[in-house]
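The values are calculated or read from the model by the stated rules, or taken from the named source; none is laboratory data. All of these numbers come straight from a predicted model, not from anything done at the bench. Cβ sites come from the backbone with ideal geometry, for glycine too, and all protein chains shown count toward neighbours. We work out accessible area using only protein heavy atoms, side chains counted, and drop any ligands, DNA or RNA first. Shrake-Rupley method; radii C 1.70, N 1.55, O 1.52, S 1.80 Å.
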Amino acid sequence: MPDRLRVGILTSGGDAPGMNAALRAFVRRGWELGLQPVGIRRGYAGLISGDLSPLTPRDVGGILELGGTFLGTARCPEFLEPAGQKQALEILRRENLAALVVIGGEGSLAGANWLSQQGVAVVGLPASIDNDIQGTDLAIGVDTALNTVVWALNRIRDTALAHGRAFLVEVMGRQSGYIALMGGLAGGAEVIVVPEVPLSLEDIVAQVEEGYRKGKRHSIVVVAEGVRERLGTTSQLARAIEEATGLEVRVTVLGHLQRGGSPTAFDRLLGSQLGAQAAEDVAAGKCGHLVAWQQGKLCSIPLAQVTRKSPAIDLALYRLAHSLAT
Ligand code: ADP
Ligand code: F6P
């Protein structure tokens with residue numbers, strides 16, 4: 001048997017449902033192509049500490065339907081420091097890793113770009129529920145997170161209608177309003193508050209009151225966590241709306257619910273195609289890029305061009321969500 005080419009793979013940053021689909025596809029397609037996949041645990045933290053082991057197709061059985069990442073992930077401040085970066089390069093050399101696949105969000109991919117600039121053969125795969133990665137229409141995990149938000153809004157609407165209440169539902173996304181907009185649009189929210197559109201408290205109150213004036217008996221306001229710097233916490237915003245309108249206002253923070261769950265069919269299909277393409281690119285000696293998803297097809301984007309998408313939302317869809325909320 002010819003020696004297999006050792007290739008490291010890691011998941012980094014916020015976990016995203018579908019990461020396991022990408023890992024499974026990379027290992028199985030890579031095995032077919034003569035690669036020896038080497039799993040690196042806990043993202044860049046595991047790279048720095050040399051926490052890694054070879055993987056075979058059997059090792060990735062039974063993970064397709066699992067959220068999270070079987071390799072584990074981490075946020076790793078040490079990798080931002082010269083000592084940690086030097087150690088990471090030393091491990092890659094010592095372990096004879098011919099290439100590295102990084103599955104993660106905008107931050108992890110910035111780390112991948114740094115490694116690429118040091119001469120490491122790197123392929124990136126986009127994975128973040130925030131969907132704030134420039135160059136790809138969708139990242140792994142987004143579809144599952146949106147379905148979780150819709151699931152939650154359906155249930156909140158039941159109790160909001162029962163009591164005639166206004167509910168503020170906080171969603172994740174860091175500075176991206178993508179989850180808030182697309183989850184709110186799909187979930188039929190009355191008001192959507194995102195970092196990309198600077199609504200004032202007065203604007204929000206006016207939209208809530210307009211709904212009740214038109215005969216609605218409830219209001220669901222989806223709030224992206226990234227508006228906190230401008231409008232205060234979601235609880236503070238709820239109190240301000242209560243004072244301004246006299247309505248009963250309640251708050252639900254979806255938090256890490258949006259990161260969990262079995263990946264949807266879409267995220268499994270996306271992860272599987274991205275992972276398999278990464279294996280084919282590495283086997284063909286093609287590196288230094290992100291395998292991205294644009295207009296329903298795979299494409300390659302140089303890692304140096306992979307920054308944080310701003311704005312992360314389609315403003316025409318934002319206007320549509322407002323129209324449909326009347
Ligand atoms: P995500 O990848 O989900 O956006 P983070 O932004 O927390 O998550 O990034 C994950 C890890 O990637 C960080 O903990 C750090 O180790 C590494 N990283 C982030 N930004 C950079 C950067 N600009 N240069 C090098 N490494 C980075
Ligand atoms: O980047 C993904 C994300 O879920 C953000 O939307 C959220 O603000 C952050 O991760 C939470 O980070 P942690 O899981 O480290 O608390």
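Selection of the stretch 84-120 for residues being within 16 Å of ligand 2 (Cβ to nearest atom) and out of contact with any strand residue (DSSP E or B) (no Cβ under 6 Å at 6 or more places or on another chain) yields G105, G107, A110, G111. The residues of the stretch 253-269 that are within 16 Å of ligand 2 (Cβ to nearest atom) and either in a helix (DSSP H, G or I) or more than 25 Å from R174 (Cβ to Cβ) (or both), listed by number, are G255, H256, L257, Q258, R259, D267. Among the residues of the stretch 232-252, those identified as open to solvent by less than 40 Å² (accessible area, probe 1.4 Å), assigned to a helix (DSSP H, G or I) and not hydrophobic (A, V, I, L, M, F, W, C) are T234, T245.
Sort out which residues of the stretch 208-226 are buried (at least 19 other Cβ atoms within 10 Å of the Cβ) and touching a residue at least 60 places away in the same chain (Cβ under 8 Å), and write them in order of number. Can you show your working first?
In the first step, residues of the stretch 208-226 are kept if they are buried (at least 19 other Cβ atoms within 10 Å of the Cβ); the result is 208, 211, 218-226.
Within the stretch 208-226, G211, H218, I220, V222 qualify.
Scan the stretch 203-226 for residues that are hydroxyl-bearing (S, T, Y) and not in a helix (DSSP H, G or I) and the total you get is 1. Taking the stretch 1-106 as the region of interest, the helices (runs of 4 or more DSSP H) fully inside it that hold 2 or more residues being surrounded by 20 or more Cβ atoms within 10 Å (Cβ to Cβ) and within 12 Å of ligand 1 (Cβ to nearest atom) are 43-49. Annotation: of all residues in the stretch 129-174 being open to solvent by 10 Å² or more (accessible area, probe 1.4 Å), more than 16 Å from ligand 2 (Cβ to nearest atom) and outside any helix (DSSP H, G or I), the one that is farthest from G104 (Cα to Cα) is G164. Among (1) over 15 Å from L274 (Cβ atoms); (2) more than 11 Å from the chain's Cα centre (by Cα), where does D132 come up short? If we test D132 against (1) over 15 Å from L274 (Cβ atoms); (2) more than 11 Å from the chain's Cα centre (by Cα), just (2) comes out false. When S272 is tested against (1) assigned to a helix (DSSP H, G or I); (2) of a type in the set (S, T, Y); (3) surrounded by fewer than 19 Cβ atoms within 10 Å (Cβ to Cβ), only condition (3) is not met.
When residues in the stretch 41-72 are screened for being of a type in the set (A, V, I, L, M) and under 19 Å from A16 (Cα atoms), 6 of them pass.
Which residues, counting only those in the stretch 300-326, are farther than 15 Å from L109 by Cβ and not small (G, A, S)? Scanning the stretch 300-326 gives P311, I313, D314, L315, L317, Y318, R319, L320, H322, L324, T326.
Being of a type outside the set (D, E) and assigned to a helix (DSSP H, G or I) is the filter here, so list the residues in the stretch 177-202 that pass it. If you could, list the steps in order and put the result at the bottom.
Filtering the stretch 177-202 for residues of a type outside the set (D, E) gives 177-189, 191-195, 197-201.
Matches in the stretch 177-202: Y178, I179, A180, L181, M182, G183, G184, L185, A186, G187, L201.
Just to be sure, is E229 open to solvent by 70 Å² or more (accessible area, probe 1.4 Å), assigned by TED's automatic domain parsing to the domain that holds H218 and assigned to a helix (DSSP H, G or I)? Give the derivation first.
Details: open to solvent by 70 Å² or more (accessible area, probe 1.4 Å): yes; assigned by TED's automatic domain parsing to the domain that holds H218: yes; assigned to a helix (DSSP H, G or I): yes.
Yes: the conditions hold for E229.
Could you list all residues from the stretch 51-84 that are polar (S, T, N, Q) and under 20 Å from the mean Cα position of the chain (by Cα)? Scanning the stretch 51-84 gives T69, T73.
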